[in-house]
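Notes follow once the structure below has been shown.
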Protein chains: 2
Amino acid sequence: MPREAKYDVLFEPIQIGPHTLKNRFWQVPHCNGAGSDRPGFQAAFRGMKAEGGWSAVFTEVCSIAPGGDVMPWVASKLWDAGDVRNLREMTDAIHAHDALAGVELCHPGGLAANAETRAPAKVVSQIASDINYLANGRALSKREIAALRREHVEGFKRAKDAGFDLLTFYAGLGTFPIYFLYPFYNKRTDEYGGSFENRIRFTREVLEDLRSEVDGVAIGMRFVIDTLEDPYGYGDLGVRANGEGKDFIAALDHLVDYWDLNVGTLNWGEDAGSSRFFDTNHEAEYVKVAKQATSKPCINVGRFTDPDVMIGVINSGQADIIGAARPSIADPFLPKKIEEGRFEDIRECIGCNVCVSRWEMGGPPIWCTQNPTSGEEYRRGWHPEKFSTARNADKPVLVVGAGPAGMEAAVVLGKRGFEAVHLVDAGSEMGGHLNWMTTMPGLRAWRRVAEYRERQISKLDNVQFIPNTRMSAQDVREYGAEIVIVATGAHWAGDGMNTPTHDPIAGADATRPDVATPEQLVVEGKQLGDHVLVVDGDGYHMASTTAEFLARQGRRVTYATHWETLGPYLRYTLEEQRMYQRLTELGVTILSQHLVLSYEPGKAQLVHLWGGNEVTLDVDSLALVTGRYSDSALYDELADDQAALDEAGISQLHLVGDAHSPGIIAQATFSGHRLAREIDSPNPDVPLPYIRERRLVGATEDDYTLGAATLLG
Amino acid sequence: MPREAKYDVLFEPIQIGPHTLKNRFWQVPHCNGAGSDRPGFQAAFRGMKAEGGWSAVFTEVCSIAPGGDVMPWVASKLWDAGDVRNLREMTDAIHAHDALAGVELCHPGGLAANAETRAPAKVVSQIASDINYLANGRALSKREIAALRREHVEGFKRAKDAGFDLLTFYAGLGTFPIYFLYPFYNKRTDEYGGSFENRIRFTREVLEDLRSEVDGVAIGMRFVIDTLEDPYGYGDLGVRANGEGKDFIAALDHLVDYWDLNVGTLNWGEDAGSSRFFDTNHEAEYVKVAKQATSKPCINVGRFTDPDVMIGVINSGQADIIGAARPSIADPFLPKKIEEGRFEDIRECIGCNVCVSRWEMGGPPIWCTQNPTSGEEYRRGWHPEKFSTARNADKPVLVVGAGPAGMEAAVVLGKRGFEAVHLVDAGSEMGGHLNWMTTMPGLRAWRRVAEYRERQISKLDNVQFIPNTRMSAQDVREYGAEIVIVATGAHWAGDGMNTPTHDPIAGADATRPDVATPEQLVVEGKQLGDHVLVVDGDGYHMASTTAEFLARQGRRVTYATHWETLGPYLRYTLEEQRMYQRLTELGVTILSQHLVLSYEPGKAQLVHLWGGNEVTLDVDSLALVTGRYSDSALYDELADDQAALDEAGISQLHLVGDAHSPGIIAQATFSGHRLAREIDSPNPDVPLPYIRERRLVGATEDDYTLGAATLLG
């Protein structure tokens, strides 16, 4: 059905400098692991968003000069002609869909570890780096500031050469505009330090240079309007929206064409807020202040996936343009689906920050829990909305298990035109472990993984969900399917088998009333005692989620892990600090670098990982989050009897998701998706060859000496 | 002078399978950040070692199949024809110098995060991963074990195709031979688990396959003969040299041509032991046991840089061949220098593990403290032993400051044929901050950085050291130099200016008797009180070194850092555990995630970084390791008066090392080296263009679809 008229506001064009934005959807800068050295990946990934209706599509952070080399993190680069050539492939891909190409330009200053170029870091004042342990940087002399201005201008010129329409001068996360602006970084006593005018001098100078030397493009800023209070931000040493944040915009408004606004610090989990801690549009109270100081179009972000929230943002005067990073990853076709009124087809971001985590690790390409095609547009040639008809579409398919992997496989097989796909589950509804896990504190939004797929399945006549049916190997063989996909999931270990010792924990036995796994706590409602020890051998969220769950039941909780911090992967999803604080507020005691050696009611014995000192805790119960075991018995039984499979006419048998390897949801959806995409290949268990990346577009062997023209300049 | 005859044993040829090793120098497998995707870097880096006299030169760990993708760590790969093509460039470069090319082949199993390929991990038994938080892996079925055997054989065949002569089947760090062998990993109850015979079955099967299908090459193993005791190793769940370590060798000896031996676990700092905790040849007591079980040539490692230790290893029957990783990085020409009796020219590894740290971070290319050309052989075209004559060699040069950067600059300028290089220092000897720092506990070997350069300078008639001379700007201008290089170092902040707050610490004032910086403690011998609080805002070794220094003076020490662990960069240098234990043994209390807010005699106020809970410590003194300030005043004064420079005839003025950006020693030597290499370029402060890497040798635009033939196979 067509969209209601109230959503039309999202599709009104708006002028941005010399360009017209065809609608109000703006993919703000965000990382994907491509940078400038994987030009095919970058172009296909961004081009897909343009195809999906985003009227502006940006790179990630783009370094203007070799002195700003953030390796091992992957940024774009515009250092030389080779980079221009590589990124032109991206701008061409965006222009092909009548969208504008944007780039977020900066010199990342002290954030740059320069691991590859080995240039020394540049800083405004010499203070040991927030982020790189090995260098304090050089406080710029005034001559060096002048040289840095030129570096910026030359970088912007290269951006224009690469075909970008929207040139964002980035003022966030370790860039010079904020190094100069914040008293946190700027301790100078010359004309670049002290007063507000002095602290914006560099930025104004650069913008003035750009205005006189770079035309035909829109020039704007991405600006952190509020750096928040302790312990999340810089307090008095940063800027606040109603203070210097607003002043900054007012002072420079005549020099820019647009303002892309957000909040936060290097602790950017306060901006890319996970759904466990932040609602949609959580930055509104800060970013809306900008409109008091500017007449230029404003872009806001806030994990927008709901069209009603979006029109509220515009109609209330909060902002003019809907910015999105994560929602555009989860669904590159979000604008098109809203435009066409296909709201039920929106693949909503769940705010888990797995996308962020891959970049934070330094190097890996993006993964998305909801969108398994993310990052695979070039390498594997996957389109999130287009599916080829399978060569074996006439074969009936049985998918056993309707968790994330099984549902995703069923959806893709359905879209690939299989005549009959039966998705069978022992439970009464689709979702697998999401059904119980998403009832735990903070995880409600993760339920969207199941909801999206449930809606898709309901629209596919060729896919049928059959609930309340637990299948034996014999049932499978007699079912009449020719293709069988087993997606039966995994369960948390009930014996304490754990990472550091590779052994069960003495006394850990979840068949006892005082010992439980997460499933037992939630699904069975098992009640533990007054003081529970939660053991984390997982390293991601489940142990802290379980600690929160138990603490909210009013129990006293001690959380122990052999790692140096709680759920170390939460650092990559930008959730570590918030989770630490939440548990602390709930009275949870956190013991890091401790192994749990044994447990008996009333007593747990722990030892410091390296110190060797023993600790005895007076706990009366134990929650085990030490690892998972695959539920692959059905598959194993089927696979072990090839003759019976042959006799049953089953020509293909596959294992996907946690039943193969217990992992995160993103790996489960990927696993089901990949199998379904390649179900008609010669051996679907072996992924098809994919495209390995070029480093330089159109390069020849003689073409690899490229200038590092401004490495120290 | 020619070498003494007693060293001849190092140059006796020895037979390795079908090949003859021309001498006893074997560059064991080690990482450099090149892998298969930076073929030029890889070939030039390894070829340099062959040129320097190593008779066998290996890759790093080389993955045999896409299911073993260790990204973001950088391994070699032999997955397809493109990888074969890329690595053939390396084998050609090695063969050009009459050396043998080796490769360390493995499937890294559960160590593989498969961040790029997204294949699920493979494991022997399903236990939550030691190292990747997100996946538990699939316990291999017997069919899958058979497929894995084939993957190994196919990988070895590709290695032969790539031109490798020495094919090492790797049995260490997360590879299948050890997954099967160690009870720590292997909990199976089928014929691949349980008895020793069962636990070596897979490895024997693979070796038998290799023997029947791959000929014309030497096939050996790299084997961890001892997995050490708790808390460093696996204790009863691993192998010990005198037990199953020796048994493993005896059982498989007939199937291999050589044994490359070491010790340790995933905690590989026990193998690549830093000089702070391990002497040269520290593995001898374990690895020498192998000779009891084999008749094949044995290779040992142990940070060998001393020719007398080397001949001891061979003459004592400990091993037949001197293996080296780090010593070959610090000096690719180590064998040649021994061969020619030029012992004074050996650039000895200092055992700081900065090389290791770059790889551990995932992505960055190698850095070496001693050898600034390491990793730059291809990119910047630097040869560690060859230097072009500078175009401006007739201009007199003044280098102010004889620390690592100044010394390195002077050495390189001397070798580039400058007529007169004067290296001036305020102190009485060369070395700069190394002179005091290397008297601190554990850092004696770091003194080699100064010693090597001192020896080189003593051999260069055109380089003169002038001690005990502190220079003013006027002195510099009147000196008569045309080129001036300022390398005046840095000092530790005496005001507590620190990373997390970007402010001085209230009450921290090193002019007081109860507050000290590291220099004050060592150089001035400043005596603190009975209970010292050491503040770490540095993140590397200096705070823990200072804590050890003070504890060894008999003081009670509390160490506080806002990070989650002591000196977090020590994790990358593999020193964290040992340092934690050393400090614990010395009675030091370690407080992580705590900010120091204020200090007064008798009291320090701290706050938990996130929890917000305050802690008061009854300390009577404070040691500040919070950051460093550059001593660049001389340079700044000179640079600020261009007219005076012109008048003085100074046409070039440069700033290098810590005086520019306080960093690690490796950055200081690099900084001095780079400037001296490019001192005759148009603008020596701006690095010359360098070669950016190809991803695929000889590729054309049509040539980027390469097979992932065995991704799940």
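The values are calculated or read from the model by the stated rules, or taken from the named source; none is laboratory data. Computed from a predicted structure; not experimentally measured. Because the Cβ atoms are built from the backbone with ideal geometry, glycine has one as well, and the counts that use them run over all protein chains shown. The accessibility values were calculated without ligands, DNA or RNA, using every heavy atom of the protein model including side chains. Shrake-Rupley method; radii C 1.70, N 1.55, O 1.52, S 1.80 Å.
Yes/no per residue for (1) open to solvent by 10 Å² or more (accessible area, probe 1.4 Å); (2) at negative phi; (3) part of a helix (DSSP H, G or I):
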| site | (1), (2), (3) |
| --- | --- |
| B:ASN32 | no, yes, no |
| B:GLY35 | no, no, no |
| B:PHE45 | no, yes, yes |
| B:THR59 | no, yes, no |
| B:VAL70 | yes, yes, no |
| B:GLY82 | no, yes, yes |
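Would you tally the residues in region B:546-579 being more than 14 Å from chain A (Cβ to nearest Cβ) and among the hydroxyl-bearing types (Ser, Thr, Tyr)? Step through it out loud before you land on a result.
Going through region B:546-579, the residues more than 14 Å from chain A (Cβ to nearest Cβ) turn out to be B:546-558, B:560.
With among the hydroxyl-bearing types (Ser, Thr, Tyr) added as a condition, the list becomes B:546, B:558.
Count: 2.
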Criterion violated by B:ASP680 - all others in (1) at the interface with chain A (Cβ under 9 Å from one of its Cβ atoms); (2) modelled with pLDDT of 90 or more satisfied: (1)
Where A:ASP165 falls short, out of the listed (1) of a type outside the set (A, V, I, L, M, F, W, C); (2) buried (at least 18 other Cβ atoms within 10 Å of the Cβ); (3) at pLDDT below 95; (4) out of contact with any Phe, Trp or Tyr (no Cβ under 9 Å at 6 or more places or on another chain): (3)
Candidate set: region A:355-391, residues that are in contact with a strand residue (DSSP E or B) (Cβ under 7 Å, 6 or more places away or on another chain) and either more than 12 Å from chain B (Cβ to nearest Cβ) or of a type outside the set (Phe, Trp, Tyr) (or both); chosen: the one nearest to A:HIS422 (Cα to Cα): A:ARG380
Where A:ALA101 falls short, out of the listed (1) of a type outside the set (Val, Ile, Thr); (2) open to solvent by less than 10 Å² (accessible area, probe 1.4 Å); (3) part of a loop (DSSP other than H, G, I, E, B): (3)
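Those residues that are part of a loop (DSSP other than H, G, I, E, B) and closer than 28 Å to B:HIS491 by Cβ, I need them from region B:365-401; list them, please.
At the first step, the residues of region B:365-401 found to be part of a loop (DSSP other than H, G, I, E, B) are B:365-382, B:384-385, B:387-396, B:401.
The answer is B:TRP367, B:CYS368, B:THR369, B:GLN370, B:ASN371, B:PRO372, B:GLY401.
Any residue at all in region B:168-182 that's assigned to a loop (DSSP other than H, G, I, E, B), assigned by TED's automatic domain parsing to the domain that holds B:ASP98 and surrounded by fewer than 16 Cβ atoms within 10 Å (Cβ to Cβ)?
no
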Among residues of region A:504-543, those that are within 13 Å of another protein chain (Cβ to nearest Cβ), part of a loop (DSSP other than H, G, I, E, B) and under 23 Å from A:GLY587 (Cα atoms), counted: 5
Any hit, region A:174-194, residues being modelled with pLDDT under 95, within 14 Å of chain B (Cβ to nearest Cβ) and within 25 Å of the chain's Cα centre (by Cα): yes
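Can you go through A:TYR192, A:TYR258, A:TYR185, A:TYR232 and tell me which one is of a type in the set (Ser, Thr, Tyr), in contact with a helix residue (DSSP H, G or I) (Cβ under 9 Å, 6 or more places away or on another chain) and surrounded by 21 or more Cβ atoms within 10 Å (Cβ to Cβ)?
Details: A:TYR192 fails: surrounded by 21 or more Cβ atoms within 10 Å (Cβ to Cβ); A:TYR258 fails: in contact with a helix residue (DSSP H, G or I) (Cβ under 9 Å, 6 or more places away or on another chain); A:TYR232 fails: surrounded by 21 or more Cβ atoms within 10 Å (Cβ to Cβ).
Of the residues listed, the single one that is of a type in the set (Ser, Thr, Tyr), in contact with a helix residue (DSSP H, G or I) (Cβ under 9 Å, 6 or more places away or on another chain) and surrounded by 21 or more Cβ atoms within 10 Å (Cβ to Cβ) is A:TYR185.
A quick yes/no check of all residues on (1) of a type in the set (Asp, Glu); (2) assigned by TED's automatic domain parsing to the domain that holds B:GLU614; (3) within 27 Å of the chain's Cα centre (by Cα):
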| position | (1), (2), (3) |
| --- | --- |
| B:GLU564 | yes, yes, yes |
| B:GLY567 | no, yes, yes |
| B:GLU576 | yes, yes, yes |
| B:TYR580 | no, yes, yes |
| B:LEU583 | no, yes, yes |
| B:TYR599 | no, yes, no |
In region B:235-255, residue farthest from the other protein chains (Cβ to nearest Cβ) [restricted to those that are open to solvent by less than 40 Å² (accessible area, probe 1.4 Å) and within 13 Å of B:GLN292 (Cα to Cα)]: B:ASP253
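Sort through B:ASP685, B:ASP646 and tell me the only one that's without any contact (Cβ under 8 Å) to a residue 60 or more places away in the chain, open to solvent by 30 Å² or more (accessible area, probe 1.4 Å), more than 10 Å from chain A (Cβ to nearest Cβ) and not polar (S, T, N, Q). First the steps, then the outcome.
On the way: B:ASP685 fails: more than 10 Å from chain A (Cβ to nearest Cβ).
Matching residue, one of B:ASP685, B:ASP646: B:ASP646.
Can you name the helices (runs of 4 or more DSSP H) wholly within region B:266-358 that have at least 2 residues being open to solvent by 10 Å² or more (accessible area, probe 1.4 Å) and either in contact with a Pro (Cβ under 8 Å, 6 or more places away or on another chain) or over 30 Å from B:LYS386 (Cα atoms) (or both)? Lay out the reasoning, then the answer.
Numbers: elements: B:284-287, B:307-315, B:326-330, B:334-339.
In region B:266-358, the matching helices (runs of 4 or more DSSP H) lie at B:284-287, B:307-315.
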Verdict on B:MET437 being out of contact with any Asp or Glu (no Cβ under 8 Å at 6 or more places or on another chain) and at pLDDT 95 or above: yes
Residue under evaluation B:LEU597, criteria (1) under 28 Å from B:ASP658 (Cα atoms); (2) assigned to a helix (DSSP H, G or I); (3) open to solvent by 10 Å² or more (accessible area, probe 1.4 Å), criterion not met: (2)
Strands (runs of 3 or more DSSP E) (entirely within region A:407-498) containing at least 1 residues that are of a type outside the set (Phe, Trp, Tyr), open to solvent by 30 Å² or more (accessible area, probe 1.4 Å) and farther than 30 Å from A:ALA551 by Cα: A:421-424, A:463-466
Matching residues in region A:244-292 - criterion: being farther than 19 Å from A:LEU443 by Cα and among the polar types (S, T, N, Q): A:ASN262, A:THR265, A:ASN267, A:GLN292
Given (1) among the acidic types (Asp, Glu); (2) within 30 Å of B:LEU566 (Cβ to Cβ); (3) part of a loop (DSSP other than H, G, I, E, B); (4) at pLDDT 95 or above, number of the condition A:GLU564 does not satisfy: (4)
Scope region A:109-120; condition within 28 Å of the chain's Cα centre (by Cα), at the interface with chain B (Cβ under 8 Å from one of its Cβ atoms) and open to solvent by less than 10 Å² (accessible area, probe 1.4 Å); matching residues: A:ALA115, A:THR117
Number of the exception - B:GLU154 against (1) within 14 Å of another protein chain (Cβ to nearest Cβ); (2) not in a helix (DSSP H, G or I): (2)
Residue in region A:122-144 that is nearest to B:THR561 (Cα to Cα), counting only those that are in contact (Cβ under 8 Å) with a residue 40 or more places away in the chain and facing another protein chain (nearest Cβ under 7 Å): A:ASP130
Meets criteria (within 7 Å of chain B (Cβ to nearest Cβ) and either in contact (Cβ under 8 Å) with a residue 12 or more places away in the chain or assigned to a strand (DSSP E or B) (or both)) for A:ASP92: no
